[in-house]
Amino acid sequence: MATLSTEIPDTSDGTWGRTKVLTALLVTALALILAKAVGVLPEWLNRIPEAAIPPTAQILDAIFDFIQNDLGLIYVTRFIAEGPLEFLLDTSANLLEGKRRWPYLGPIPWSAIAAVAAVVGYAVGGWRLAALGAGTFIWTAAIGQWKIAMQTMSVIVVAAPLAFLLGLVLGIAAWKYGWFERMLKPILSVLQTLPFFTYLLPAVIFFKVGPTAGAVATITFAIPPMILMTTLGLKKVSPEVIEAGQMSGCTRWQMLRHVYVPAARTEVLVGVNQVIMLCLAMVVLTAFIGMPGLGAKLLAMMGSFKLGRSFEIGVTIVLLAVTLDRMSKAWVVKQPVHFERGTPWWKRHQISLVALVLFVGFTLLAQVFPILAEVGRKQHLSQGKEIDVVIKSFLAIDVIKGTTEWLRWFLNVKVLIPFRDTLLAIPTPAFILLVVSFAYWVGGRKPGIYAAIFFTIVAFSGWWDRSVITLYTVISAVALATLIGIPLGVVAARSNRWSKSILLACDTAQTFPSFIYLIPAIMLFGVNDVAVVFSILIFAAVPLIRYTIIGLSSVPPEMTEAADMSGSTRRQKLMSVQFPLALPTMAVGFNQAIMFAFFMVIIAAFIGTQDLGQELQRTLAGTELGKNFVLGLNVSLMALTFDMAISSWAEQRKKRLGLD
Amino acid sequence: MSATAPVISAKNVWKLFGPSPESYLKSLPAGRSFDEIRADGYIAGVKDVSIEVGRGEMLVIMGLSGSGKSTLVRCFSRLHDITGGTIEVDGQDIMSLSERELIELRRNKMGMVFQSFGLLPHRTVLDNVAFPLEMRGQDRHDRRERALEVIKLVGLEGREEYFPRELSGGQQQRVGIARSLAIEPDIWFLDEPFSALDPLIRREMQDEFLRLQEMLGKTIVFITHDFDEALRLADRIAIMRNGAVEQCDTPDQIVMNPATEYVAKFTEDIDKARVVHAKGLAKPVNGHALEGAPINGGSTIHELARILVNDDRILLPVANDKGVVTGVLDRDTALNVLLGAE
């Protein structure tokens, strides 16, 4: 815990009672550790004995079994899976990748899709987005990944609209009915911290293996932010607009349809953006349950250490992510512009017409020139093997090899393993006490109590050691990310130009599906603990850098000017003016880094870890729904503990500083 | 309905904000002050207000922010449900209306203009103005025609296809005004319509508003925090403070005879000669000897300055706009007002 606590200096003027509680907690923890060190600690205080652990997984299994078979839920879900959902997925699969299903029209030539993407890009964001849209699809086709990319896209085009609709409806319900929102809120925060493996298995069991399960998991994963954004947007509608609607004699339905939802447009569209990005992130991950597509291919290529091909697929995924993100974001800020009166019909719908003409044109052309319909096996421009050679020989250069090997040795032997062994050596009750005192110290009483409850549940789940290993990986990665990210953010925040371009880079990096971060880690360090920590590190560093820059640059100029006029040096200004004011914002970034790390550590199971993620991945092969849930919940509870402590600190701090 | 019956009649209206306002109001002892009520955990948005608005009258409700003026007007339109008392619109108790009847009332009788305009950002000027017509189900052609008519009335011709954010503040408020007039309401509520505009535009909009009112002759409840604006527009002014009405009277009376110290503070710096009209200062004829040409009762003392200074009569006859003498003006009194000597 020590590594974590140094990052957030306690600036609160703790009362005497608080200090007393804190001391009591820490002294007890220390006593337990010392007792173990001198060998007088009874074993039942070191680890909870097997006999005391309730058979949670079995109980859950029985419950699931009851719901699934006795209540007949499985028939409902299977009906949805085999009925409407499969129909939609088959249709999109036929259109995009040419699966032999109704309507037997596909596949749509890649050139036609690229052309439409260009027009859409132009419509929402001008020439640059047009180039991005066209470029992405041309690259995908030219590199020979069209088919797998379209397998991925065919799930997204079904999952994203469904997630949007469900999220919108649930969001409206949550806004309308207070009790529904109160019920939904805790569920949403658990859902947002639940590892994605826990989404996957129930989906498979209830919705049949294959695209349907993938789509269901994807939809479930993407709904929470849509709900939150919808509720937020509706709550923010200006009271005068609402009153104007009422005074215009709107009925309740008219209010919702014509006043609330359109006035919340911006938030709703931000929700759409998030839905699309989460869908992409999740669809790639459904590779773990055998969904074909970009994710599966990437998994296979990385598994056989084909770095060149992995890299190319990575580029495709990144391009798709950036395109989808930029276009949907451009749509958010795009405001309607009026036409002069008397503008002819064709001019008002110019863009749609151009898209239609290009689509039809390229489809027809593709009949004549097959290369425009499909880039064949022999025609594509993939340089997988060559890139492979380049990467491998680059990594084999003495300096590079020496550095990575030394780093690997140093981190493994000097940092990671000793740290892990220390954490594992701490008796369970002492560990819980340490976490509780951290939460109490940082966030106050409520987070402290929750930390105690949550970690006790984890202790009684029967997976304590693996949970500690998960936590160790998260803490090490976040600590390293902090050491790198915060100085980087501080330096970048000094100049406007730098902070702008680094912010842009961070925003872009955040749109990448997490899977991507495994590629450089495996390239540099191979398959081991260091690669795991490294992949989490870069993933978690992004929000840290981002919020450091945002925090520092949002310090009001009159305060930095006041510091300048008081004759402070740059260092003094940073330490006594900018940092204190930026800390609440930076804490948000730190919190996000921890959440990201908890997410990534599970994915890193692919590299081979000994933590909860590994066990979770194993459950995917079978039907152990109960165990899967227990494991997933452990991750969620640990993540929530930190989330509550740090967010409550940031909020208190903000309030005290009078920010926000 | 007779011409003299009030359009809006509020009797002992209370609007309390807090945990359970109804039962609190029932147990409330008479004469409890605003601050005492606040100490009990309630905010008296409107505190025992009785007021009437006559047909074709312009009542201006004036008060500083938090005085309850916006709350009161929202009680008139039942955007707020009142806690106690009654409000009748055209003789009908609006608290007894069902949701459906309330919607009908708003669709046919009421129009409202908002301080920050309250325009729907995703609709063009035309669609914003036609919005209330669309809500009551008027057909597309009809509502377009009517909307174009009101847009022309407020001087926004040629901007029909613009979106609100493409317009200046003054233009946006013209859209708000046009929208509120689209259904041809009998009662027109304006909640600080010009406060968000800069002073020059505000003046221009006030002139525009007076022109419209001359043409349309609606019953108006106008809210403002600007005393000058109130004096300029009002038939009667109600000055509010802490949820209660301090004084409700004509501008002349408020300036000449402030009822409370609070009202007096507002009138202190006002150039009374520009507010007070000859007829407001005049006394009944009561057998006084009348000589010479009468002066116009509708003119302010300031406008009559030259006559007042040059004339040597002690008493000046005052006539209404039809030329009938209605009273006499004591020249000395008038000169005192003109010179600012009480």
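A short reminder: the numbers here are calculations on the coordinates, not readings from a lab. Keep in mind the model is a prediction, meaning the values are calculated, not measured. Note that we place each Cβ from the backbone using ideal geometry, even for glycine, and neighbour counts take in every protein chain shown.
At a glance:
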{"read-out": "Cα centre as origin, Lys/Arg/Asp/Glu Cβ charges: the range B:32-148 dipole, Debye", "value": "440"}
{"read-out": "Between the range A:621-660 and the range B:178-243, the Cα center-to-center distance that results, in Å", "value": "53"}
{"read-out": "Percent of Cα pairs exceeding the 17 Å cut-off, where the set is the range A:51-139", "value": "70"}
{"read-out": "Listed residue (B:THR219, B:VAL276, B:GLY85) projecting farthest to the positive dipole end of chain B, Cβ model", "value": "B:GLY85"}
{"read-out": "Fraction of beta bridges assigned by DSSP in the protein assembly as shown that are antiparallel (%, nearest 5)", "value": "55"}
{"read-out": "The range B:144-207: projected area of the alpha-carbon convex hull, averaged over directions, in nm²", "value": "4.6"}
{"read-out": "P(r), alpha carbons of the range A:149-236 - 10 Å bins starting at zero, rounded %", "value": "18, 43, 30, 8, 0"}
{"read-out": "Degrees between helix A:428-443 axis and first principal axis of chain A (Cα, 0 to 90, nearest 10)", "value": "70"}
{"read-out": "Length-normalised contact order of chain B in % [C-alpha pairs under 8 Å, at least 6 apart]", "value": "17"}
{"read-out": "For B:GLY85, residues with placed amide H under 5 Å, excluding near neighbours", "value": "B:TRP14"}
{"read-out": "Share of alpha-carbon pairs per 10 Å distance bin for the range A:101-170, given as whole %", "value": "19, 38, 34, 9, 0"}
{"read-out": "Debye log10 I(q)/I(0) at q = 0.12, 0.14, 0.16 Å⁻¹ for the range A:366-519, Cα point scatterers", "value": "-0.90, -1.05, -1.17"}
{"read-out": "Qualifying aspartates and glutamates (Cα of each under 19 Å from Cα of A:LYS20; at least 8 residues distant if same chain)", "value": "A:ASP10"}
{"read-out": "Shielding score for A:333-343, defined as the mean number of other chain Cβ atoms within 10 Å", "value": "3"}
{"read-out": "Length-normalised contact order for chain A - Cα pairs under 8 Å, 6+ apart - percent", "value": "19"}
{"read-out": "Nearest 10 degrees, 0 to 90: helix A:529-553 Cα axis against chain A principal axis", "value": "80"}
{"read-out": "Label point distance in nm, A:ARG571-B:VAL309, each placed 7 Å from Cα along Cα→Cβ", "value": "7.6"}
{"read-out": "Approximate shape of the range A:250-297 as ellipsoid semi-axes (Cα gyration tensor, √5λ), whole Å, largest first", "value": "37, 10, 5"}
{"read-out": "Alpha-carbon centroids, the range A:138-200 and the range A:377-394: separation in whole Å", "value": "34"}
{"read-out": "Check: chain A dipole with +1 on Lys, Arg Cβ and -1 on Asp, Glu Cβ, in debye", "value": "1140"}
{"read-out": "Descending semi-axes in Å of the range B:1-126, equivalent ellipsoid built from Cα gyration tensor", "value": "27, 19, 15"}
{"read-out": "5 angstrom amide H check on B:ALA244, placed H, neighbours 5+ away", "value": "B:LYS47"}
{"read-out": "Kyte-Doolittle mean at least -1.0, axial Cα span of 24 Å or more - DSSP H helices of chain B", "value": "B:199-216"}
{"read-out": "Chain B: C-alpha gyration tensor shape, a/c 1.5 cut-off, then a/b vs b/c", "value": "oblate"}
{"read-out": "Rounded tilt (10° steps) of A:265-285 against the dominant C-alpha axis of chain A", "value": "80"}
{"read-out": "With eigenvalues of the C-alpha gyration tensor scaled by 5 and rooted, the range B:195-288, Å", "value": "24, 19, 13"}
{"read-out": "Antiparallel %, DSSP beta bridges [both residues in the range B:273-339], to 5", "value": "80"}
{"read-out": "Kirkwood hydrodynamic radius of the protein assembly as shown, from inverse mean 1/r over distinct Cα pairs, in Å", "value": "34.2"}
{"read-out": "Residue-by-residue Karplus 3J(HN,Hα) for the range B:254-263, coefficients 6.51, -1.76, 1.60, Hz, glycine and proline x", "value": "5, 6, 7, 10, x, 6, 10, 4, 4, 5"}
{"read-out": "The range A:289-327 and the range B:1-30: distance between their alpha carbon centers, rounded to Å", "value": "68"}
{"read-out": "Potential lengthening between A:GLU558 and A:ALA300 on full extension [0.36 nm per residue; Cα-Cα distance subtracted]", "value": "87.4 nm"}
{"read-out": "Simple spin-label estimate for B:HIS302 and B:ASP139 in nanometres, 7 Å along Cα-Cβ", "value": "5.3"}
{"read-out": "Taking A:VAL468, A:VAL158, A:VAL389 and counting other C-beta atoms within 10 Å, the order from fewest to most", "value": "A:VAL389, A:VAL468, A:VAL158"}
{"read-out": "At q = 0.23, 0.25, 0.29 Å⁻¹, base-10 log of I(q)/I(0) for the range B:273-339 (Debye sum, equal scatterers on each alpha carbon)", "value": "-0.91, -1.09, -1.46"}
{"read-out": "Long-range amide H partners of A:HIS380 with built H, under 5 Å", "value": "none"}
{"read-out": "Per-residue [θ]222 nm for chain B (sum of -39500 (n - 2.57) over DSSP H runs n ≥ 4, rounded to 500)", "value": "-10500 deg cm²/dmol"}
{"read-out": "The range B:104-160 - convex hull of alpha carbons, volume per residue in Å³", "value": "94"}
{"read-out": "In sequence order, calculated HN-Hα J values of the range A:516-522 (Karplus, 6.51, -1.76, 1.60; Hz; x Gly/Pro)", "value": "4, 5, 6, 4, x, 4, 5"}
{"read-out": "Chain A, helix-only ellipticity at 222 nm - DSSP H runs n ≥ 4, -39,500 (n - 2.57), divided by all residues, nearest 500", "value": "-24500 deg cm²/dmol"}
{"read-out": "Label point distance in nm, B:LEU210-B:ALA289, each placed 7 Å from Cα along Cα→Cβ", "value": "3.9"}
{"read-out": "The range B:273-339: relative contact order as a whole-number percent, Cα under 8 Å and 6+ apart", "value": "40"}
{"read-out": "Partners for B:LYS265 among lysines (Cα-Cα distance below 29 Å; same-chain residues under 8 apart left out)", "value": "B:LYS11, B:LYS15, B:LYS47, B:LYS69, B:LYS279, B:LYS283"}
